[in-house]
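Each remark here refers to the structure printed beneath this line.
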Amino acid sequence: MKNIYKILIAFIGVLAVSCNADAVDNRPIVDAVTAPEITAPVTGKEFVLDADHAGDVADKFTWSKAVYSAPVVLKYKLIIDKKGGDFTKAITLETTSNIAEVSVLVKDLNQAAIDLGAATDVVSQFDVKVSSDISGEVPQMSKAITISVTPYSGRVAYDFTDWYLVGAAVEGGWDNNLDTKHQPMYRDGKNADLYKFTGFFKAGNFKLISEKGSWATQLGKAGSDAIEINSNAGEFTIPADGYYTFQFNTKALTYTLVTYNDAAAKTNATVGIIGDSTPKGWDASTPMVNSTFNKHAWSLGVTALNDGGLKFRANDGWDVAWGGDTAFSGGGNGENIPVEKSKYVIYFNDLDGSYLMIPNQG
């Protein structure tokens, strides 16, 4: 009986393999017939990209439809590579399904050019092609058109959270509006979980928000030395007007709030930024705005900076100056602060030399 079962199972297995082979043999074979070709824009088109129009359409790219030996659903990819490249490291601008056109945004063309090694504010040439395939198989590729692109500085990588003081004890009060002045915390240049601010507080309560104009994420008091981060965090209390040092750690969820003696602190008439990344280079300072709430707090609205470095200095002289060796935030030494080209909002504290430079503004 066991032998009969074995023979029957073997027979069924052979039959199944035979049926599958027949099904494969009988499947229609689709061949590539005619590759798509880009019809617009024409080769030689020049693109001078503008950061103020990043969300606009740079151009609509159109192409003739690819032809295959049977009706199929096609996937198109519009790809770009540096002029003369072999397209093995090409960047995909857009993809479509069966549609032979796509609009490419200024910001996407700009970033692709930069990712392919183009210098900003300088014209570079690129080859553009369109490919077609059927679920990744039977690929066809168009001839290349060559375009010229002058990119602007792209977005600087900035993977940090900024926390702003809000409440009766701090500048700006409880109004979290985008246009209201709020003091940010200064993030440690070497430890992105650690934040500190030394400055003036009024008697009253406060908490923090991570996005101006929104109460969605708050940081507040959760215990005697603990913080919480949620949509309804508790409040910190300042017992009397004066200067305090407030510090917290978003990983350890701890904080300290202690009085600060500002009696020996010097009051500066002016503070400005200076350096080869700044609008006036090393020849002159770009002045910052002094807070009317806190005489040691300074800020500068949206400011275009170039690749290079900068320092902060007081009273247009070099006898009192501050620097740092970490981008975006830090302080405490005389190094040139490294700067990558972008538009920044800048904050500075002349009590301890802390700075915060938030890129990708405007």
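Can you tell me which residue in region 303-332 is nearest to the chain's Cα centre (by Cα), limited to those that are open to solvent by 40 Å² or more (accessible area, probe 1.4 Å) and without any contact (Cβ under 8 Å) to a residue 12 or more places away in the chain?
Filtering region 303-332 for residues that are open to solvent by 40 Å² or more (accessible area, probe 1.4 Å) and without any contact (Cβ under 8 Å) to a residue 12 or more places away in the chain, the one nearest to the chain's Cα centre (by Cα) comes out as TRP318.
Quickly run through region 36-81 and pick out the residues that are in contact with a helix residue (DSSP H, G or I) (Cβ under 9 Å, 6 or more places away or on another chain), at pLDDT 95 or above and not aliphatic (A, V, I, L, M).
Of everything in region 36-81, those that are in contact with a helix residue (DSSP H, G or I) (Cβ under 9 Å, 6 or more places away or on another chain), at pLDDT 95 or above and not aliphatic (A, V, I, L, M) turn out to be PHE47, ASP59.
What tally of residues in region 257-302 results from selecting those that are over 29 Å from ASP179 (Cα atoms) and in contact with an Asp or Glu (Cβ under 7 Å, 6 or more places away or on another chain)?
1
Which one of VAL156, VAL149, VAL166 is hydrophobic (A, V, I, L, M, F, W, C), touching a helix residue (DSSP H, G or I) at 6+ places or on another chain (Cβ under 8 Å) and in contact (Cβ under 8 Å) with a residue 40 or more places away in the chain?
After ruling out the rest, the residue left standing is VAL149.
Is it the case that region 276-296 has a residue that's in a strand (DSSP E or B), crowded, with 21+ Cβ neighbours inside 10 Å and modelled with pLDDT of 95 or more?
no
Filter region 229-252 for residues that are β-branched (Val, Ile, Thr) and within 21 Å of GLY199 (Cβ to Cβ); which is most open to solvent (accessible area, probe 1.4 Å)? Can you show your working first?
Of all residues in region 229-252, those β-branched (Val, Ile, Thr) come to 229, 237-238, 245, 250.
This time we only want the ones that are within 21 Å of GLY199 (Cβ to Cβ), so: 237-238, 245, 250.
On the way: THR237: 84, ILE238: 5, THR245: 24, THR250: 37 Å².
Filtering first and then ranking leaves THR237.
What residue, of ASN294, ASN306, is over 15 Å from PRO359 (Cα atoms) and not charged (D, E, K, R)?
Sole residue among the options that is over 15 Å from PRO359 (Cα atoms) and not charged (D, E, K, R): ASN294.
Can you pull out the strands (runs of 3 or more DSSP E) entirely within region 54-121 that have at least 2 residues that are open to solvent by 50 Å² or more (accessible area, probe 1.4 Å) and of a type in the set (D, E, K, R)?
Values: elements: 57-63, 75-82, 91-97, 101-105.
Output list reads 75-82.
Does VAL258 qualify as being open to solvent by 20 Å² or more (accessible area, probe 1.4 Å), more than 33 Å from the chain's Cα centre (by Cα) and either small (Gly, Ala, Ser) or over 26 Å from LEU194 (Cα atoms) (or both)?
no
Just checking, how many residues over region 108-147 are within 20 Å of GLY55 (Cα to Cα) and among the charged types (D, E, K, R)?
Final tally of qualifying residues: 3.
Among the numbered conditions (1) modelled with pLDDT of 95 or more; (2) not in a strand (DSSP E or B), tell me where ALA216 comes up short.
Answer for ALA216: the failing condition is (1).
Which members of region 140-161 meet the condition of being at pLDDT below 95, touching a Phe, Trp or Tyr at 6+ places or on another chain (Cβ under 9 Å) and open to solvent by 30 Å² or more (accessible area, probe 1.4 Å)?
TYR158
When residues of region 309-362 are filtered for being part of a loop (DSSP other than H, G, I, E, B) and of a type in the set (Lys, Arg), how many remain? Quick ask: steps written out before the conclusion?
Filtering region 309-362 down to residues part of a loop (DSSP other than H, G, I, E, B) leaves 315-320, 324-328, 331-332, 334-336, 340-341, 350-353, 359-362.
Adding the requirement that they be of a type in the set (Lys, Arg) leaves 341.
Within region 309-362, residues that are part of a loop (DSSP other than H, G, I, E, B) and of a type in the set (Lys, Arg) number 1.
The values are calculated or read from the model by the stated rules, or taken from the named source; none is laboratory data. Just so it is clear, the structure is predicted and the values come from calculations on it, not from any experiment. Cβ coordinates were reconstructed from backbone atoms using ideal geometry, including for glycine residues, and neighbour counts include every protein chain displayed. Only protein heavy atoms, including side chains, enter the accessible area calculation; ligands, DNA and RNA are left aside. Shrake-Rupley method; radii C 1.70, N 1.55, O 1.52, S 1.80 Å.
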